[in-house]
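Trainee: Below is the structure I would like to discuss, written out as structure tokens.
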Amino acid sequence: MNNVETLANVPEIVRRGAAWYRTLGTDDSPGTKLYPLLGNLRRTGLVEAEMGIPLRALALDLGGGPPEGRELKGLLVGGAAGTFLTPDELDVPMDFGSLRRIGAVLGSGAVLAFDDTACVVDLLWSVLSFFSHESCGQCTPCRVGTAVLLDLLAKVRSGNGDRSVLEDMRRVVQVMEVASLCPLGQSVGLPVGTALEKFRGEFEAHLREGPCPRCKAATEVYV
């Protein structure tokens, strides 16, 4: 409840009433939401829209879509602990219930779009680096698990491994989901699982053919 975005709604609800507030958004997710638009979009920034706005409207209309000459490859929705989605899922409404029904989360509401110049392996590396840095280290599943995931992904990124590496990553996140003490370790499975599920071909290509130019040239990790 002590969220600035939540508290900012209170004055208008007090002034106009709860019935007015429920005219915005959806039945189970009333009101508006702040949606940060990030990545390979012509217009990035922070927008406010009603809960339930289609992801397509956020990314392609308000965000302007990918730069000229580029194609939308995918989106990471909900922040670092969010879900990788494909362009086929652009029509999902951005509210709690609708995203939950497709196995995704609203989270922070962030929409990070990436075009056909991006590498999902490299993007997941940045996400896992964030988790590893943010882990408090109190529990072993999270402290060790995030480090092991980075080691396994390093094999994929450099092309030193086989498909068993991807299954090892799945097993690590399964342990983290059930054994970590807090949501940080428990939520790693979403970005890892959906990246491996929806962009598996890209991971297998790295293992089969070696690092892509983006991974090969990367010397720093940006989150």
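The values are calculated or read from the model by the stated rules, or taken from the named source; none is laboratory data. All of these numbers come straight from a predicted model, not from anything done at the bench. Here Cβ is always computed from backbone atoms with ideal geometry, including for glycine, and neighbour counts include all displayed protein chains.
Trainee: Return the total of residues in the range 28-44 being without any contact (Cβ under 8 Å) to a residue 60 or more places away in the chain and in contact with a strand residue (DSSP E or B) (Cβ under 6 Å, 6 or more places away or on another chain).
Mentor: At the first step, the residues of the range 28-44 found to be without any contact (Cβ under 8 Å) to a residue 60 or more places away in the chain are 30-32, 42-44.
From what's left, in contact with a strand residue (DSSP E or B) (Cβ under 6 Å, 6 or more places away or on another chain): 31-32, 44.
Qualifying residue count, the range 28-44: 3.
Trainee: Now, a different point. Which numbered condition in (1) under 14 Å from Ala80 (Cβ atoms); (2) at pLDDT below 95; (3) not hydroxyl-bearing (Ser, Thr, Tyr) is the only one that Val192 fails?
Mentor: Single failed check for Val192: (2).
Trainee: Among helices (runs of 4 or more DSSP H) lying entirely in the range 119-223, which contain 3 or more residues that are buried (at least 17 other Cβ atoms within 10 Å of the Cβ) and of a type outside the set (Ser, Thr, Tyr)? Spell out how you get there, then give the answer.
Mentor: Numbers: elements: 120-134, 140-158, 164-179, 183-186, 189-198, 200-209, 213-217.
Hits in the range 119-223: 120-134, 140-158, 164-179, 183-186, 189-198, 200-209.
Trainee: Among Asp151, Asp122, which is the only one that is within 17 Å of the chain's Cα centre (by Cα) and of a type in the set (Asp, Glu)?
Mentor: Values: Asp151 fails: within 17 Å of the chain's Cα centre (by Cα).
The conditions single out Asp122.
Trainee: Hey, another quick one. What tally of residues in the range 77-92 results from selecting those that are surrounded by 22 or more Cβ atoms within 10 Å (Cβ to Cβ) and in contact with a strand residue (DSSP E or B) (Cβ under 8 Å, 6 or more places away or on another chain)?
Mentor: Selection size over the range 77-92: 5.
Trainee: Another one. Given the residues Leu62, Leu55, Leu46, which is the only one that is under 16 Å from the mean Cα position of the chain (by Cα), modelled with pLDDT of 95 or more and not hydroxyl-bearing (Ser, Thr, Tyr)?
Mentor: Details: Leu62 fails: under 16 Å from the mean Cα position of the chain (by Cα); Leu46 fails: under 16 Å from the mean Cα position of the chain (by Cα).
Checking each option against the conditions leaves just Leu55.
Trainee: Is one or more of the residues making up the range 95-115 touching a strand residue (DSSP E or B) at 6+ places or on another chain (Cβ under 9 Å), surrounded by fewer than 18 Cβ atoms within 10 Å (Cβ to Cβ), among the acidic types (Asp, Glu) and not in a strand (DSSP E or B)?
Mentor: For the range 95-115, residues touching a strand residue (DSSP E or B) at 6+ places or on another chain (Cβ under 9 Å), surrounded by fewer than 18 Cβ atoms within 10 Å (Cβ to Cβ), among the acidic types (Asp, Glu) and not in a strand (DSSP E or B): absent.
Trainee: Output the residue which, of all residues in the range 51-73 that are assigned to a loop (DSSP other than H, G, I, E, B) and either of a type in the set (D, E, K, R) or outside the structural domain of Gly109 (by TED's automatic domain parsing) (or both), is surrounded by the fewest Cβ atoms within 10 Å (Cβ to Cβ).
Mentor: Step one: filter the range 51-73 for residues assigned to a loop (DSSP other than H, G, I, E, B), giving 51-53, 63-71.
Filter once more, keeping what is either of a type in the set (D, E, K, R) or outside the structural domain of Gly109 (by TED's automatic domain parsing) (or both): 68, 70-71.
On the way: Glu68: 7, Arg70: 15, Glu71: 11.
Selected residue: Glu68.
Trainee: List pairs: first residue in the range 141-167 and without any contact (Cβ under 8 Å) to a residue 40 or more places away in the chain and within 13 Å of Ser180 (Cβ to Cβ), second residue surrounded by fewer than 19 Cβ atoms within 10 Å (Cβ to Cβ) and of a type in the set (Val, Ile, Thr) anywhere in the structure, Cβ distance under 8 angstrom, at least six positions apart or on different chains.
Mentor: none
Trainee: Give me the pairs: first residue in the range 200-211 and over 17 Å from Asp168 (Cα atoms) and in the same structural domain as Leu153 (by TED's automatic domain parsing), second residue assigned to a helix (DSSP H, G or I) and hydroxyl-bearing (Ser, Thr, Tyr), beta-carbon distance under 9 Å, and six or more apart or on different chains, which are they?
Mentor: Gly210/Ser158; Pro211/Ser158
Trainee: Kindly list, by first and then second residue, each pair from a residue in the range 1-27 that is under 20 Å from Ser98 (Cβ atoms) to a residue that is of a type in the set (D, E, K, R) and assigned to a helix (DSSP H, G or I), limited to pairs with Cβ atoms under 8 Å and residues at least 6 apart or on different chains.
Mentor: Close Cβ pairs satisfying both conditions: Tyr21/Glu12.
Trainee: Looking at Thr44 and the list (1) touching a Ser or Thr at 6+ places or on another chain (Cβ under 9 Å); (2) surrounded by fewer than 17 Cβ atoms within 10 Å (Cβ to Cβ); (3) of a type outside the set (A, V, I, L, M); (4) over 30 Å from Leu207 (Cα atoms), which single condition is not satisfied?
Mentor: (1)
Trainee: Look at the range 1-37 and say how many of its residues are assigned to a loop (DSSP other than H, G, I, E, B), over 23 Å from the mean Cα position of the chain (by Cα) and among the polar types (S, T, N, Q).
Mentor: 2
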